[in-house]
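What follows is a set of notes on a single structure, which appears directly below.
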Amino acid sequence: MDTATLEARFQARIDADERIEPKDWMPDAYRKALIRQMSQHAHSEIVGMLPEGNWITRAPTLKRKAILMAKVQDEGGHGAYLYSATETLGITRETLIEELLSGAAKYSSIFNYPTPTWADIGAIGWLVDGAAIMNQIPLCRCSYGPYARAMVRICKEESFHQRQGFDILLQLSRGTEAQRAMAQGALDRWWWPSLMMFGPPDADSKHSAQSMRWKVKRFSNDELRQRFIEFTVPQAQFLGLAVPQGEIDWNEFHEVLKGHGPCNHERLAARRRAHESGRWVREAALAYAGKQRDRERDQHREAV
Ligand code: FAQ
């Protein structure tokens, strides 16, 4: 069968809302687009552990510390599912991680901002996880089966994360004057970067049109951004906090993507350090797996 016929059949399956599975035929461009988006997503989850991890040792109570540790571990788990789902497209996790550590791969702009106060942890849960849910619920209906299924579980966990962040800010906003000011400061810092998470304006989004035809994306960047604003503003009012007014500074977004955000260097340096210090664990696990295989082979030989 020629490529044009295969492509027409593929698109017909997508149009009929059928799921594409790893062993199905797919156009090269579809495979590449998914590897791009899913690996960026996986990297974001892993790099996203860093701004919050910064507060684990300084959480204000034992309960808050336990909750934060669980949340950060969840993000690591999301990264692991997403790397596995990406591997089903024929690329290895080692290659993906090399791309992250060399600086060749993107991860979400949002994780290049600092977390100077405890209220920033509340703002990340409320706004960043809130934005992630808004973007990811439609991905549960994405045409690629492994990505869509990973998203179902991830979204359930993100909704717990969003509530814990809101709860931190609720407590601060009902607290002392200084605590209210801290909550407002965090909202002021995270509002614009959270809106930028949805990606460039529709007119500048180079992948959206094709991605929508393939039903990877179901809504445009601006549509989801607008929904997020409508959903979040009443919550800010409930907290008694003022939402910053004005326009998104797209110049800032592009600078962060080019590696010039406040924490780009720090984040990559932390990931490289973690990768180096985990080397012995990976080597030991590989050696153990090799020994296990030898043992199983010997047992099999003895049995026959
Ligand atoms: N940051 O043509 P479009 C989380 C890039 S997970 C950096 O519109 P597309 C959980 C884009 O890659 C957060 N780069 O692209 C958590 C492309 O560059 P390329 C991550 C961005 O793919 C919470 C170029 O700009 N979520 O938060 C960004 O159609 C708390 C042109 O853009 C996902 O990854 C950005 N914000 O739409 C963890 C969700 N926006 O690749 C810890 C899945 C755009 O050509 C703590 N991804 N770019 O070099 C998506 O839904 C889409 O990929 C978009 C971008 C919507 C992000």
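Among all residue pairs at least 6 apart or on different chains, which show Cβ distances below 6 Å where the first residue, located in region 243-267, is closer than 22 Å to E52 by Cα and the second is open to solvent by 30 Å² or more (accessible area, probe 1.4 Å) and of a type outside the set (A, V, I, L, M, F, W, C)?
P262/P114; C263/P114
Please find, among P262, P193, the residue that is touching a Pro at 6+ places or on another chain (Cβ under 6 Å) and within 16 Å of the ligand (Cβ to nearest atom).
Of P262, P193, the one residue that is touching a Pro at 6+ places or on another chain (Cβ under 6 Å) and within 16 Å of the ligand (Cβ to nearest atom) is P262.
Taking the conditions exactly as written (surrounded by 16 or more Cβ atoms within 10 Å (Cβ to Cβ), within 16 Å of the ligand (Cβ to nearest atom) and modelled with pLDDT of 95 or more), does Q73 satisfy them or not?
Values: surrounded by 16 or more Cβ atoms within 10 Å (Cβ to Cβ): no; within 16 Å of the ligand (Cβ to nearest atom): yes; modelled with pLDDT of 95 or more: yes.
For Q73, the condition - surrounded by 16 or more Cβ atoms within 10 Å (Cβ to Cβ), within 16 Å of the ligand (Cβ to nearest atom) and modelled with pLDDT of 95 or more - is not met.
Return the residue satisfying two criteria in turn: it lies in region 100-116 and is farther than 17 Å from M38 by Cα and open to solvent by less than 30 Å² (accessible area, probe 1.4 Å), and of such residues it is nearest to the ligand (Cβ to nearest atom).
First pass over region 100-116, keeping only residues farther than 17 Å from M38 by Cα: 102, 112-116.
Among the residues that remain, those that are also open to solvent by less than 30 Å² (accessible area, probe 1.4 Å) are: 112-113, 115.
Values: N112: 9, Y113: 12, T115: 11 Å.
Applying the filter and picking the extreme gives N112.
Would you mind stating whether K206 is at pLDDT 95 or above and more than 10 Å from the ligand (Cβ to nearest atom)?
Numbers: at pLDDT 95 or above: yes; more than 10 Å from the ligand (Cβ to nearest atom): no.
No, not satisfied.
One residue is enough: does region 238-254 have a residue meeting the conditions farther than 30 Å from L170 by Cβ and within 20 Å of the chain's Cα centre (by Cα)?
Start the filter on region 238-254 by keeping residues that are farther than 30 Å from L170 by Cβ, which leaves 250-251, 254.
So of that shortlist, the ones also within 20 Å of the chain's Cα centre (by Cα) come out as 254.
Checked against the condition, which is being farther than 30 Å from L170 by Cβ and within 20 Å of the chain's Cα centre (by Cα), region 238-254 yields at least one hit.
Go through the residues of region 211-231 one by one and say whether even a single one is closer than 27 Å to A16 by Cα, hydroxyl-bearing (S, T, Y), within 12 Å of the ligand (Cβ to nearest atom) and at pLDDT 95 or above.
Yes.
Could you give every pair whose Cβ atoms fall below 9 Å, whose first residue belongs to region 1-13 and is at pLDDT below 95, and whose second residue is open to solvent by less than 70 Å² (accessible area, probe 1.4 Å), counting only separations of at least 6 or pairs across chains?
These pairs meet every condition: T3/P27.
Given the criterion more than 9 Å from the ligand (Cβ to nearest atom) and modelled with pLDDT under 95, identify the matching residue among R153, R149. If you could, list the steps in order and put the result at the bottom.
On the way: R149 fails: modelled with pLDDT under 95.
Exactly one residue qualifies, and that residue is R153.
The values are calculated or read from the model by the stated rules, or taken from the named source; none is laboratory data. Keep in mind that what you see is a predicted model, and the values were worked out from it rather than measured. Every residue, glycine as well, gets a Cβ built from its backbone with ideal geometry; the counts of neighbours run over all protein chains shown. Ligands, DNA and RNA are stripped out before the accessible areas are found, and what is left, the full protein with its side chains, is counted by its heavy atoms. Shrake-Rupley method; radii C 1.70, N 1.55, O 1.52, S 1.80 Å.
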